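Working notes for the structure below.
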Amino acid sequence: MSETKFLEVLDKAHTGPVCKVKDWEARIVPLEIKRILKEHGLTGVCAPENPVNTDDGLVDDFWEAGFELALSTGMLCLATERIIKFTEEELKEALRNRPSRLTLGSGSDRVVIEPRKPEDKKPPITTMTPLGITFSEDLIIPVCQAIAQYRVVDIVISPCLLTFHGRICRGGTPYETLWGKYEGLLVREATRRAGRPGMPAWGVESSPTEYGYLGGYGAPGSFDPSWAIAIALLPSPLKTDYSLLHKVAHAINWGAPIESGHWTMIGGYEGPPEGAAVGALAAHVLQCAVMQPTVIQSDILDVRYFGNCGREAIWANSITVQARSMKTNTLPFGVTSQVSGPCTDMLLYETACISVAEVSSGICMVMGTRPTGCRFPDYASGLENRFCAEVVKASAGLRRGEACELVKALLPRYEDRLRRPPKGLSFPQCTDLKTLQPTPEWQAIYEKVWKELENLGLQKPWK
Amino acid sequence: MSSVTEKLKEAIRIGSEKDAREMAEKFVEQGGDPLAAISEVTVLMQEIGDKFSRFEIFLPEVILAADAVKEALAVLTAKIPEEKKREIRRGKVVIGTVFGDIHDIGKNLVATMLQVAGFEVVDLGADVPSGRFVDEAEKVKADIIAMSSLITPSMIYQKDVIDQLQDMGVRSRYRIMVGGAPVTPQWAERISADGWGKYAEDAVEVAKILMEGSREVSGLVARGAPGE
């Protein structure tokens, strides 16, 4: 990471063209996407009936379109209301300079994250977590341990804290500065109890503003660069702000590997699935230039149900993952975002579809899972994370056409329920808290769905 | 007159605030009935909302159309007698994402759909301190305060706003709506909010019910997630 490059970015945030956020969201970005889609002949090419793309020519076209958008718009800094713009050479250099290898953790739990290509036989790294889900304070260690106990899981992340030493978590306050460190201590304790003290993590997950992150990353005993990736998420694609840039500055000071990420929305500012794909690719390029990330998330959600397991979202994610993995040597990762809850077969179907699509498309790391779209506190468990990690490893080497057929077979089993999904059960309801094993009911659902996957040709990596 | 109305509607469709204002001005200059024009604009906005729900158009087009409507309505409603204004009034909503939370697409969706449905919307943006919701609602004499939160550590600020209104003795002046990914009906009930909706269109339905019921609605009005 280069402090000099980051200083240049900060300078651009103070000297770039002035722009109001409303103009940016409602006019500049949408109109530019519309123009680019038209000029590149990409309007209406989304093929929901074949949700995993197999056309390399289309990947080329989308990558060119995404790069063109990054070059023509740049990224808006909300704090200064100025656009951070880059030249073509600056963007290309930023992509070239991203690391293509990251080693984290220690001992038998050390992981190496490397680029993959579509249909690559190398298994992706699995980062599992109740991602973005709020958990009761006394259940943080148990749920992290319940996930870390499965060796198929490579990296673990804490859920968000509901309380901190019994106090309600209030973002943007000194409480947050304190709980940033606390989260790191809880994750460390969970991996120790799981017998995996060298297991890597990410942090600070419970950091809605920069405070939790500044307090937690680098604090003694908490997250540090030897075992933890520093999380820094954009407020939305193609926009940044000082809160995010503080996190980047802090990571540079610590020499920490940075995760950058965002969600582009189908139906949102970027418009149709094709527009969302172009927007997500532009965001991948611009994140490299603005934040110097080590691992890069650039995923697409569907605004109709706020998940990424429907046809259009899977298609859009498949094409962007293919472009990001084929056209760069960066470390792109994907997040699975479900809408149904634990102890339902729908959660596993959703998980399987997006995982299979992304792994066959060349993702180098999959992060999951987000049962109920993060709506209900404590609604996550170890088992869906085990399942996600197993499907990810099992999908290595799958051809995109095979993945497409598998997804096509699974989608009809749940897609009509995406807007009214089953809530399922909470962690204590579907887990034996003494043994951290799933209840027989949840275990039976897991086995049933795995059997269905095996019948469709996906082999469980180990029994 | 009908050609001016058509041009006004076209200005709204393409999201031109300037043309919408000019056509509305021309309409009233030529002696047109502003109530008739508002009625046509309302039908058009319903069509635009329907197109968005079918993904025939997308959020930016709806936002621009809603802004153009705002311009046109400012001209048209100025020409309506006060008693008639009360009849057609949907209500005024102060909306924002609460403190510590910078996410805004969900809030923008709801704000836009409320505008489409004819509500007057004052959008405070994201990361809004609790006191600002209160100050702004008092200043513009809002009917509804709508608060969004996408992250749990910020949800508590929805309660802070309600507590502040309570402590100031002005809680009964407002209907409070809350929403956002982690915000459940149970949470809404716990903090004594009046309305909760799962999706943007649910929020509009809830706002309509809250306004129809005026101050007599009791208990939470929730739409969009039976059984949650």
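The values are calculated or read from the model by the stated rules, or taken from the named source; none is laboratory data. What you are looking at is a predicted structure, and each value in this text was computed from that prediction instead of being measured. Cβ placement follows ideal geometry from the backbone for every residue including glycine, while neighbour counts extend to all protein chains displayed. Calculation scope for accessible area: heavy atoms of the full protein, side chains included, ligands and nucleic acids excluded. Shrake-Rupley method; radii C 1.70, N 1.55, O 1.52, S 1.80 Å.
Rundown of residues vs (1) touching a strand residue (DSSP E or B) at 6+ places or on another chain (Cβ under 7 Å); (2) over 30 Å from A:Leu162 (Cβ atoms), yes/no style:
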site	(1), (2)
B:Ile105	yes, no
B:Val110	yes, no
B:Val116	no, yes
B:Val122	yes, yes
B:Ala126	yes, no
B:Pro129	no, no
B:Glu138	no, yes
B:Asp143	yes, yes
B:Ile151	no, no
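Within 14 Å of chain B (Cβ to nearest Cβ) and either touching a residue at least 40 places away in the same chain (Cβ under 8 Å) or open to solvent by less than 30 Å² (accessible area, probe 1.4 Å) (or both): is that true of A:Trp63 in this structure? In short, no. If you filter the stretch A:22-48 down to residues that are open to solvent by 50 Å² or more (accessible area, probe 1.4 Å) and in contact (Cβ under 8 Å) with a residue 60 or more places away in the chain, you find that the one that is nearest to B:Leu64 (Cα to Cα) is A:Lys34.
Among the residues of the stretch A:417-463, which ones are part of a loop (DSSP other than H, G, I, E, B) and within 14 Å of chain B (Cβ to nearest Cβ)? A:Leu418, A:Arg419, A:Arg420, A:Pro421, A:Pro422, A:Lys423, A:Gly424, A:Leu425, A:Ser426 - these are the residues of the stretch A:417-463 that are part of a loop (DSSP other than H, G, I, E, B) and within 14 Å of chain B (Cβ to nearest Cβ). Residue pairs whose Cβ atoms lie under 8 Å apart, separated by 6 or more positions or on different chains, with the first residue in the stretch B:15-40 and on the phi > 0 side of the Ramachandran plot and the second among the aliphatic types (A, V, I, L, M) and surrounded by 18 or more Cβ atoms within 10 Å (Cβ to Cβ), are B:Gly15/A:Ala26; B:Gly15/B:Ile63; B:Gly15/B:Leu64; B:Gly15/B:Ala65; B:Gly15/B:Ala68.
The test for being within 25 Å of A:Ala313 (Cα to Cα), touching a Phe, Trp or Tyr at 6+ places or on another chain (Cβ under 9 Å) and of a type in the set (D, E, K, R) does not hold for A:Arg417. Within the set A:Glu68, A:Glu89, the sole residue that is surrounded by fewer than 18 Cβ atoms within 10 Å (Cβ to Cβ) and either touching a helix residue (DSSP H, G or I) at 6+ places or on another chain (Cβ under 7 Å) or away from chain B (no Cβ under 14 Å) (or both) turns out to be A:Glu89.
Per-residue answers, yes or no, for (1) farther than 26 Å from A:Lys434 by Cβ; (2) surrounded by fewer than 24 Cβ atoms within 10 Å (Cβ to Cβ); (3) in contact with a helix residue (DSSP H, G or I) (Cβ under 7 Å, 6 or more places away or on another chain):
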| position | (1), (2), (3) |
| --- | --- |
| A:Ile113 | yes, no, no |
| A:Lys122 | yes, yes, no |
| A:Ile125 | yes, no, no |
| A:Met128 | no, no, yes |
| A:Ile133 | no, no, yes |
| A:Ile141 | no, yes, yes |
| A:Ile147 | no, no, yes |
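Find the residue count for the stretch A:433-462, including only residues that are over 16 Å from A:Ser355 (Cα atoms), out of contact with any strand residue (DSSP E or B) (no Cβ under 9 Å at 6 or more places or on another chain) and not hydrophobic (A, V, I, L, M, F, W, C). So the count comes out to 8. Do the conditions hold for A:Leu410, that is, is it open to solvent by less than 30 Å² (accessible area, probe 1.4 Å) and within 14 Å of chain B (Cβ to nearest Cβ)? No, not satisfied.
Inspection of the stretch A:197-214 finds a residue satisfying the criterion of being in contact with a strand residue (DSSP E or B) (Cβ under 9 Å, 6 or more places away or on another chain), surrounded by 24 or more Cβ atoms within 10 Å (Cβ to Cβ), at pLDDT below 95 and away from every other protein chain (no Cβ under 14 Å). Would you say A:Pro220 is open to solvent by 10 Å² or more (accessible area, probe 1.4 Å) and within 21 Å of the chain's Cα centre (by Cα)? The answer is no for A:Pro220.
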